[in-house]
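Here's the structure, in structure tokens; my notes come after.
What follows is calculated from the coordinates using simple rules that are stated; it is not laboratory data. This structure is a prediction, so every number in the text was calculated from the model and none was measured. Quick reminder, even Gly has a Cβ in these numbers, built from the backbone with ideal geometry, and neighbours come from all protein chains shown.
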Amino acid sequence: MTAAKAAKLQDTLNYPPRGLDADRAAAYCGVSKAVFLKGVENREWPQPKDASGQTRWDRVELDAAWDSKSERARKRASPTHRLTADELMEQRQNGDPKIALRQ
């Protein structure tokens, strides 16, 4: 299928594509391409897949990443939430001054 024909077909579909290129994945997440790619590098967003030689992000994995961010934020906002070891390490790596490890 030619690129023009694929683009024309894609524009007429009534469902979102499963595999998104970097531009569309960034737009889907509501961030710039540069911010998105930096987040991929920092493992804040899922890693891309190879789809017949083309780099694509799985829309479902992007949704899961968003859900994960929401869940972490909800837990942190809870007054009874106790941080997991992973959350403590993440906050320490991000330079949170309230997180100090015992020596």
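Key figures
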{"read-out": "Filter result for residue 45 (under 20 Å from residue 90 (Cβ atoms) and among the aromatic types (Phe, Trp, Tyr))", "value": "yes"}
{"read-out": "Count of region 49-65 residues which are free of Cβ contacts under 8 Å to residues at least 12 places away in the same chain and within 10 Å of the chain's Cα centre (by Cα)", "value": "1"}
